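The values are calculated or read from the model by the stated rules, or taken from the named source; none is laboratory data. What you are looking at is a predicted structure, and each value in this text was computed from that prediction instead of being measured. Virtual Cβ from ideal backbone geometry, glycine too; neighbours counted across all protein chains shown. Calculation scope for accessible area: heavy atoms of the full protein, side chains included, ligands and nucleic acids excluded. Shrake-Rupley method; radii C 1.70, N 1.55, O 1.52, S 1.80 Å.
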Amino acid sequence: MAIALSTLVEEADAFLNASRISDYCPNGLQVEGRPQVSRIVSGVTASQALIDSAIEAEADVLLVHHGYFWKGENPCVTGMKQRRLKALLANDISLLAYHLPLDVHPEVGNNVQLARQLGIVVEGPLEPENPRTVGLVGSLEEPMSAADFARHVQQALGREPLVVEGDGLIRRVGWCTGGGQGYIDQAIAAGVDLYLTGEASEQTFHSARENGVSFIAAGHHATERYGVQALGEYLARRFALEHLFIDCPNPI
């Protein structure tokens, strides 16, 4: 079955409430390809490797979390950007990208989907008074040590995380997928035992250690694989389309 590209884009935009979320890049249709869609390929980042895989899979739409045209980047279509765009346009593949709208969505969002992978019961936003908050807080069904939770994360995500062990058992968890290390102070203020995100900065270690909180950096890519898969599956069910998630390995 095939549907109009415009229909797919309208549904994804509305489902993610994309127009109401301020972001660092345009959300929605970034590159327009063929007008009819029957096969979606999804992935985390619209890298050349993912584009090449989408071409091989004969995708009509490439659906990603990390697309193009970020604020502050060089707007010239040269080098890597030229090669990526040329490949999409030459093969008539549309690029559909959602950044913050996919992070915060209550059903298919990266943070909610990561909680499901790790067995964390979602309790609410990391900053209840901040409407722009991205992270969440929740609890484990059974307390465990930081080392045991880190092993659980490694088994679930297939990647060895960076771990800073704090004081005591882990009951209450704060998390933000991707590059959310800057939220560690808000997590500490929220009274978590452990904060988990994708990346770490030099000062993250000191914030965790000096406040007795455990910290895990589980990988930007690894923590953000699940939202775009869930969105692709939703759109495929909604319109009876084919959907294939392709994971291009990234150790960061």
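Going by what's in this entry, would residue 57 be described as open to solvent by less than 10 Å² (accessible area, probe 1.4 Å) and either under 18 Å from residue 228 (Cβ atoms) or within 16 Å of the chain's Cα centre (by Cα) (or both)? So residue 57 does not fit the description; no. For residue 168, are the conditions met, namely being modelled with pLDDT under 95, assigned by the TED database to the domain that holds residue 143 and either in a strand (DSSP E or B) or of a type outside the set (Phe, Trp, Tyr) (or both)? So residue 168 passes the test.
Of the residues making up the stretch 92-128, those that are open to solvent by less than 40 Å² (accessible area, probe 1.4 Å), assigned by the TED database to the domain that holds residue 170 and β-branched (Val, Ile, Thr) are 108, 112, 120. Inspection of the stretch 207-227 identifies at least one residue that is surrounded by fewer than 24 Cβ atoms within 10 Å (Cβ to Cβ), out of contact with any strand residue (DSSP E or B) (no Cβ under 7 Å at 6 or more places or on another chain) and free of Cβ contacts under 8 Å to residues at least 12 places away in the same chain. Pairing residues of the stretch 6-34 that are more than 17 Å from residue 62 (Cβ to Cβ) with residues that are open to solvent by 50 Å² or more (accessible area, probe 1.4 Å), at Cβ distances under 6 Å and at least 6 apart in sequence or on separate chains, gives 24/70; 24/71. With the structure loaded, tell me whether residue 167 is over 30 Å from residue 45 (Cβ atoms) and buried (at least 20 other Cβ atoms within 10 Å of the Cβ) or whether it fails that test. When the stated conditions are applied, residue 167 does not pass them. Cβ separations smaller than 7 Å between residues 6+ apart or across chains give the following pairs from the stretch 75-91 residues that are open to solvent by 70 Å² or more (accessible area, probe 1.4 Å) to residues that are part of a helix (DSSP H, G or I): 77/85; 83/48.
In the set 236, 156, only one residue is under 26 Å from residue 65 (Cα atoms), among the aliphatic types (A, V, I, L, M), in contact (Cβ under 8 Å) with a residue 60 or more places away in the chain and open to solvent by 10 Å² or more (accessible area, probe 1.4 Å); that residue is 236.
Of all residues in the stretch 36-53, those that are open to solvent by 10 Å² or more (accessible area, probe 1.4 Å) and either outside the structural domain of residue 241 (by the TED database) or of a type in the set (Gly, Ala, Ser) (or both) total 4.
Looking only at residues that are more than 12 Å from residue 192 (Cβ to Cβ) and touching an Asp or Glu at 6+ places or on another chain (Cβ under 8 Å) in the stretch 121-144, which one is modelled with the highest pLDDT? The qualifying residue modelled with the highest pLDDT is 121.
The listed residues are 247, 193, and the only one of them that is surrounded by 15 or more Cβ atoms within 10 Å (Cβ to Cβ), in contact with a Lys or Arg (Cβ under 9 Å, 6 or more places away or on another chain) and within 30 Å of residue 2 (Cα to Cα) turns out to be 247. There is no residue in the stretch 26-33 that is under 13 Å from residue 232 (Cα atoms) and either buried (at least 20 other Cβ atoms within 10 Å of the Cβ) or aromatic (Phe, Trp, Tyr) (or both).
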